[in-house]
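Encoded as structure tokens, the structure appears first; notes follow it.
The values are calculated or read from the model by the stated rules, or taken from the named source; none is laboratory data. Bear in mind the structure is a predicted one, so any value in this text is a computation, not a measurement. Methodologically, a virtual Cβ is constructed for each residue, glycine included, from the backbone with ideal geometry; neighbour enumeration extends over all protein chains shown.
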Amino acid sequence: MVIGLVFLCGTRDFLGLGVHAPPGGAVSILSSFEPGGASGWSWLGKLVFTGVTLASGFKGGEVTPLFYVGATLGNALGALLNEPVGLFAALGFIAIFAGAANTPLACTLMGVELFGAHYAVYFAVACFVAFVSSGHSGIYLSQRMATGKGSLPGDMGKSGVSLRDWNKPPPPQG
């Protein structure tokens, strides 16, 4: 299926990790920090390729594809809104992982470490919005939630429950 998608899309941009572009200037995480470094739909291409790979039973990674999708989506949004694509790529890079891994503080600090402290407030807002928006789901199903994420249904009385079990109905009492 992946080979078919390569021929259908006419590009190999969505294969591999996507950290560095292969010869020929394909889209990569690094190129997404530059204007014109990613097409407006690069994020969707990587999302589809990664989804097909994982659904087929192959290991496709979890962290690097999320960084690719976030950075290329940030590039597209920055270009669309006529804002700095490098900043938006950085916001996407860290925010998508914050939501998927339920780690907004760690991802905020990662943003400061990678991209500088002068954008710390933007990083924090993006990461915490992504965290709250992701609901009770994530890429690490054994992760235990200390508390719920606010006013979402079923948040009360579930401290220490894993993400795998969070949305399961409670056992009948009686």
- [ ] Return yes or no: is Phe67 over 12 Å from the mean Cα position of the chain (by Cα), modelled with pLDDT of 90 or more and aromatic (Phe, Trp, Tyr)?
- [x] no
- [ ] Kindly establish whether Val19 is assigned to a helix (DSSP H, G or I), of a type in the set (A, V, I, L, M, F, W, C) and either modelled with pLDDT under 90 or within 13 Å of the chain's Cα centre (by Cα) (or both).
- [x] no
Open item on the list: Kindly evaluate Ala90 against the criterion of being part of a helix (DSSP H, G or I), closer than 16 Å to Ala130 by Cα and of a type in the set (Gly, Ala, Ser).
Closed with: yes
TODO: Could you tell me which numbered condition Asn102 fails, if it satisfies all but one of (1) in contact (Cβ under 8 Å) with a residue 60 or more places away in the chain; (2) on the phi < 0 side of the Ramachandran plot?
DONE: (2)
Open item on the list: Being among the β-branched types (Val, Ile, Thr), under 15 Å from Tyr68 (Cα atoms) and assigned to a helix (DSSP H, G or I) is true for just one of Val48, Val6. Which residue is that?
Closed with: Val48
Open item on the list: Criterion first (free of Cβ contacts under 8 Å to residues at least 24 places away in the same chain and over 28 Å from Phe115 (Cα atoms)) does Gly25 satisfy it?
Closed with: no
TODO: From Ala95, Ala89, Ala101, grab the single residue that is at pLDDT below 95 and either buried (at least 16 other Cβ atoms within 10 Å of the Cβ) or in the same structural domain as Val121 (by TED's automatic domain parsing) (or both).
DONE: Ala101
TODO: Six or more apart or on different chains, Cβ under 6 Å: which pairs go from a residue in the stretch 109-126 that's closer than 15 Å to Ala98 by Cα to one that's aromatic (Phe, Trp, Tyr)? Could you list them?
DONE: Gly111/Phe123
Open item on the list: Given the condition in contact with a Ser or Thr (Cβ under 8 Å, 6 or more places away or on another chain), within 18 Å of Cys9 (Cα to Cα), buried (at least 22 other Cβ atoms within 10 Å of the Cβ) and at pLDDT 90 or above, answer yes or no: does some residue in the stretch 23-42 qualify?
Closed with: yes
